[in-house]
1. Right, V56: touching a residue at least 60 places away in the same chain (Cβ under 8 Å), among the hydrophobic types (A, V, I, L, M, F, W, C) and crowded, with 17+ Cβ neighbours inside 10 Å or not?
2. Within segment 14-26, can one find any residue that is crowded, with 17+ Cβ neighbours inside 10 Å, in contact (Cβ under 8 Å) with a residue 60 or more places away in the chain, closer than 23 Å to A183 by Cα and polar (S, T, N, Q)?
3. Output the number of residues of segment 7-46 satisfying the condition of being more than 22 Å from D170 (Cβ to Cβ) and either in a helix (DSSP H, G or I) or outside the structural domain of G88 (by TED's automatic domain parsing) (or both).
4. Given the conditions (1) charged (D, E, K, R); (2) surrounded by 21 or more Cβ atoms within 10 Å (Cβ to Cβ); (3) within 22 Å of E180 (Cβ to Cβ), which single one is not true for E70?
5. Determine whether L184 is in contact with a strand residue (DSSP E or B) (Cβ under 7 Å, 6 or more places away or on another chain), among the aliphatic types (A, V, I, L, M) and at pLDDT below 70.
6. Only one residue in K79, K63, K83, K69 is at pLDDT below 95, within 23 Å of Q173 (Cβ to Cβ) and not hydroxyl-bearing (S, T, Y). Which one?
Amino acid sequence: MSKKVLIAYGSRFGCTEEVSQEIAEILEEEGIDSHLLNLRKVKARKWPALEEFDGVLVGSGIKIMRWTKEPKNFLKKYKEEFKGKVLGIFVCCAAAVNDPDYAKKEYLEKVATELGITQNIYDAFGGVLDFSESSKMGFLNRKMLKMAAKGMSEDMGITIDGDARNDFRDWDQIQRFAREFAALIKG
């Protein structure tokens, strides 16, 4: 009988969704049945019960230094059901590019403590700052993010192109995380 994992995520502009899809592909390669749940598109009343899953991964983007509301609400709602399951959490954020330890402490360890959950594995991945014409970001969001990106560029010493898609994710790191999670599931 194959193991089954739920990957629940909240993604505003697609970065966390793409990471979730990559993790699902790796888990499938490892022989684990993976189910993706976009928490921003599926109403809470339609979220699945967790008893059919051996493990759960919960991912979020970071908005104004906070988790997006849907993944955080998912963790709150199911925190008792996580007991006895392998639980992993991850975030995609710009802070992870320059200071992954800060991102892990601030966005993962702090949230787990605040919510009273115990995760088996967690990681922070770099994000995407998309200023291209094809961006899903509205004008005001793009303008505010460009101002923040200028400061980040100076503070972090990284180059950010204000007219392009800047992808700061480390796909090798993401794949390692997925394989480590798979090993935990397989026990």
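1. In short, no.
2. yes
3. Total meeting the criteria: 3.
4. Among (1) charged (D, E, K, R); (2) surrounded by 21 or more Cβ atoms within 10 Å (Cβ to Cβ); (3) within 22 Å of E180 (Cβ to Cβ), E70 violates only (3).
5. When the stated conditions are applied, L184 does not pass them.
6. K63
The values are calculated or read from the model by the stated rules, or taken from the named source; none is laboratory data. Keep in mind that this is a model prediction, so the values were computed, not measured. Every residue, glycine as well, gets a Cβ built from its backbone with ideal geometry; the counts of neighbours run over all protein chains shown.
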